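A.B. asks: My questions will all concern the structure given below.
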Amino acid sequence: MKERELRDLIADVKTGRLSRRTFVQRMIAVGLTAPMAGMMLSHSGVAMAATAIPYKPTKAGGGGLLKLLYWQAVTLLNPHFAVGTKDQEGSRIFYEPLAGWDNEGNLVAFLAAEIPSKENDGLAEDGRSVVWKLKRGVKWHDGMPFTADDVVFNWEYARTPETAAVSIASYKDIKVEKIDDFTVRVSFAKPTPFWADAFVGQYGMIIPKHLFADYTGGKSRDAPTNLKPVGTGPYVFVDFKPGDVVLAKLNPDYHVPNRPHFDTLEVKGGGDAVSAARAVLQTGEYDYGYNMLVEDEILLKLESAGKGKVNIIETGAVEFMMLNVTDPAVEVDGERASLKTKHPLFSDPAVRQAINLLIDRASIEKFIYGRTGSATANFLNSPERVRSKNTKLEFNIEKANQILEAAGWKKGADGVRAKDGKWLKFVYQTSINAPRQKTQAIVKQACQKAGIDIELKSVVASVFFSSDTANPDTYSHFYCDAQMYNTTMQQPDPQFFMNQYLSWQAATKENKWQGRNVSRWQSKEYDEIYKQAEQELDAVKRAAMYIKLNDLVVGDNYILPVVRRPRTTALKTGLTAHLSGWDNDLYQLASWYREA
């Protein structure tokens, strides 16, 4: 679609000749996601559509106990430290952002009084600032009022390097100022096409200034409220046992009428994905099951019991294998996997190229994931417009052998290759979960045929995805040669998703392993293109930049995509849960209800 055609369509939406829904459908047809189409309209002066959330209860409470099951247990309840999705979800029970994303791509106000637009003077013409008007009458769970001071504080808290917040990337390059008690201005140093980042969605949850002000910087981990949240959300904290259970009760002063429906809430953690699926779909013991990373064949059998259904929503999430750029066996200045080291095997491009050829993605999709995953060679898969056509799926054991042989890796008597006294052996870890162990086995079998010996390691999910900086077995420490997990894309724009390969985002001891670049892969070219994309207002040019970023990171073969992962959850019959592929599952928890 040419630029002139696009501008004509936007003009038709403005004049009412074309409906917003029809415009969004046409944009999806040419490769945009609904959220990106919505942002395009917003930039052009068309206000975000008001999102109607179906809700039948006529009063707050009366719904009894809502039971949620997270087989990857919640370990921490401060959203600024939540390195894993399950900790983001746990935080979302209590904390809220200014706005979130619904599944149609619309921004939905939570603590904001309205969504900024050019029509309400919320968006600057030059793309350098946005004004947020805050909802009045909102109280923290301890009765203190929510004001602009809290919003400004969250910016100061997250942007301070010593705080070591995982959300730092959303806040470090902006300026936030209080206009009055219920208005703030966010200013950008350069034109910013994706302005709905800070204070929005998973990294936008706002914590109270009056309880965290004394814990900014180096004392951030000492705040008692890290484990006993006081938020503005629909449920009030009751109890928390990290790695086990979160208990909450209805907030009687919640700022949305007739919500929430449930009187109490239990978030149980631990176990495995299969047992979680069974507890919802077969026995009906729980109302909701998180992240159904279960073979599709098993899910279909469990659904046949009639107690619940699997809910599948398309997202930009990807299950991928990561090779360590650094050496986890060497310690430099008291730090393992230091940026000052290089991996003894993977520093050879031939080894990385061979391993990429030894991942049988088609079989992994067919025999393990089914409805819940599709083979991909791209890290950035959504929106379709930024999905690269330059990559290809290839599984070729013979070619892998040829590449290794040509690079000087010779097979020994035991069939394992070696070069310069180094054996082609490494440890490959992931969380304990049947599809992941089966994927490991498929990769190991193919690698054996190419003279590569792999030791498989499985870590309990609650440990692997823990936000505990003292735990050496977390994926963010990455004290291993290779690992595999799923990374979620919970914003409709690829900017934040792709910042996990920026040099300054490397996870290190200095930032308490909170940097999003877990692989520690670095590229000056990647960094420069990313900076350009941050301020490119031309949608077509910007899309091309993100395709290039994808090609750079997967082309170097340290990052090896396996399957695209839609969000797969289990819901008990009768539960209405409003889910989004672009935000946390619990983003609309206040509007969940159960029909009699």
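A.B. asks: Which one is modelled with the highest pLDDT among residues in region 39-64 that are part of a helix (DSSP H, G or I), open to solvent by less than 50 Å² (accessible area, probe 1.4 Å) and farther than 16 Å from Val386 by Cβ?
C.D. replies: Leu41
A.B. asks: I would also like to ask the following. When region 416-433 is examined, which residues are found to be open to solvent by 30 Å² or more (accessible area, probe 1.4 Å) and not hydrophobic (A, V, I, L, M, F, W, C)?
C.D. replies: Lys419, Asp420, Gly421, Lys422, Lys425
A.B. asks: Filter the strands (runs of 3 or more DSSP E) completely within region 70-151 down to those with at least 3 residues that are under 17 Å from the mean Cα position of the chain (by Cα) and closer than 28 Å to Ile312 by Cα.
C.D. replies: The strands (runs of 3 or more DSSP E) meeting that bar are 99-101.
A.B. asks: Does Ser519 qualify as being under 23 Å from Asp481 (Cα atoms), more than 18 Å from the chain's Cα centre (by Cα) and not hydrophobic (A, V, I, L, M, F, W, C)?
C.D. replies: no
A.B. asks: Kindly list the number of the only condition in (1) more than 14 Å from Ala337 (Cβ to Cβ); (2) assigned to a strand (DSSP E or B) that fails for Gln483.
C.D. replies: So the condition that Gln483 fails would be (1).
A.B. asks: Still on this model: Of all residues in region 539-596 being closer than 17 Å to Gly308 by Cβ, open to solvent by less than 20 Å² (accessible area, probe 1.4 Å) and β-branched (Val, Ile, Thr), which is modelled with the highest pLDDT?
C.D. replies: This residue is Thr569.
A.B. asks: Now for a different question. Which condition breaks for Glu528 when tested against (1) open to solvent by 20 Å² or more (accessible area, probe 1.4 Å); (2) closer than 30 Å to Lys219 by Cα?
C.D. replies: (2)
A.B. asks: Within region 493-514, is there a residue that is closer than 15 Å to Met321 by Cβ, without any contact (Cβ under 8 Å) to a residue 24 or more places away in the chain, more than 19 Å from the chain's Cα centre (by Cα) and open to solvent by 20 Å² or more (accessible area, probe 1.4 Å)?
C.D. replies: No - not one qualifying residue is present in region 493-514.
A.B. asks: Against the condition closer than 17 Å to Asn557 by Cβ, in contact with a Leu (Cβ under 8 Å, 6 or more places away or on another chain), open to solvent by 10 Å² or more (accessible area, probe 1.4 Å) and charged (D, E, K, R), how does Arg361 come out, does it pass?
C.D. replies: So Arg361 fits the description; yes.
A.B. asks: Moving on. Checking Ser388 against (1) out of contact with any Cys (no Cβ under 8 Å at 6 or more places or on another chain); (2) surrounded by 15 or more Cβ atoms within 10 Å (Cβ to Cβ); (3) outside any helix (DSSP H, G or I); (4) at pLDDT 95 or above, which test does it fail?
C.D. replies: (4)
A.B. asks: In this structure, is Ile312 open to solvent by 20 Å² or more (accessible area, probe 1.4 Å), outside any loop (DSSP other than H, G, I, E, B) and touching a Pro at 6+ places or on another chain (Cβ under 6 Å)?
C.D. replies: yes
A.B. asks: Okay, moving on. Does region 434-446 contain at least one residue that is out of contact with any Gly (no Cβ under 6 Å at 6 or more places or on another chain), outside any helix (DSSP H, G or I) and buried (at least 20 other Cβ atoms within 10 Å of the Cβ)?
C.D. replies: no
A.B. asks: Take the conditions within 27 Å of Asp272 (Cβ to Cβ), aliphatic (A, V, I, L, M), touching a residue at least 12 places away in the same chain (Cβ under 8 Å) and assigned to a helix (DSSP H, G or I) and apply them to Ile368. Does it pass?
C.D. replies: Considered against the rule, which asks whether it is within 27 Å of Asp272 (Cβ to Cβ), aliphatic (A, V, I, L, M), touching a residue at least 12 places away in the same chain (Cβ under 8 Å) and assigned to a helix (DSSP H, G or I), Ile368 comes out as yes.
A.B. asks: Okay, next question. What pairs come out if I take residues in region 385-398 that are in contact (Cβ under 8 Å) with a residue 40 or more places away in the chain and pair them with residues that are surrounded by 17 or more Cβ atoms within 10 Å (Cβ to Cβ) and among the hydroxyl-bearing types (Ser, Thr, Tyr) whose C-beta lies under 7 Å away, six or more apart or interchain?
C.D. replies: Matching pairs, first to second residue: Val386/Tyr546.
A.B. asks: Here is a further query. Could you check Gly306 against (1) part of a loop (DSSP other than H, G, I, E, B); (2) at negative phi and say which number it fails?
C.D. replies: (2)
A.B. asks: So, in region 447-471, of the ones that are open to solvent by 50 Å² or more (accessible area, probe 1.4 Å) and in contact with a strand residue (DSSP E or B) (Cβ under 8 Å, 6 or more places away or on another chain), which residue ends up farthest from Lys509 (Cα to Cα)?
C.D. replies: The extreme case among them is Gln448.
A.B. asks: Considering every residue within region 396-411, establish whether at least one is modelled with pLDDT under 95, of a type outside the set (Asp, Glu) and within 30 Å of His477 (Cβ to Cβ).
C.D. replies: no
A.B. asks: From the list Ala590, Ala544, Ala577, Ala570, which one is small (Gly, Ala, Ser) and free of Cβ contacts under 8 Å to residues at least 40 places away in the same chain?
C.D. replies: So the residue among Ala590, Ala544, Ala577, Ala570 that is small (Gly, Ala, Ser) and free of Cβ contacts under 8 Å to residues at least 40 places away in the same chain is Ala544.
A.B. asks: Anything in region 336-349 that is within 27 Å of the chain's Cα centre (by Cα) and open to solvent by 10 Å² or more (accessible area, probe 1.4 Å)? List them, or say none.
C.D. replies: Arg336, Leu339
A.B. asks: Right, next: Take region 1-26 and flag every residue that is buried (at least 16 other Cβ atoms within 10 Å of the Cβ) and at pLDDT below 70.
C.D. replies: The one that is buried (at least 16 other Cβ atoms within 10 Å of the Cβ) and at pLDDT below 70: Leu6.
The values are calculated or read from the model by the stated rules, or taken from the named source; none is laboratory data. These numbers come from a predicted model, not from an experiment. Glycine also receives a Cβ, built like all others from the backbone with ideal geometry; neighbour counts cover every protein chain displayed. What goes into the accessible areas is simple: the full protein's heavy atoms, side chains included, and nothing from ligands, DNA or RNA. Shrake-Rupley method; radii C 1.70, N 1.55, O 1.52, S 1.80 Å.
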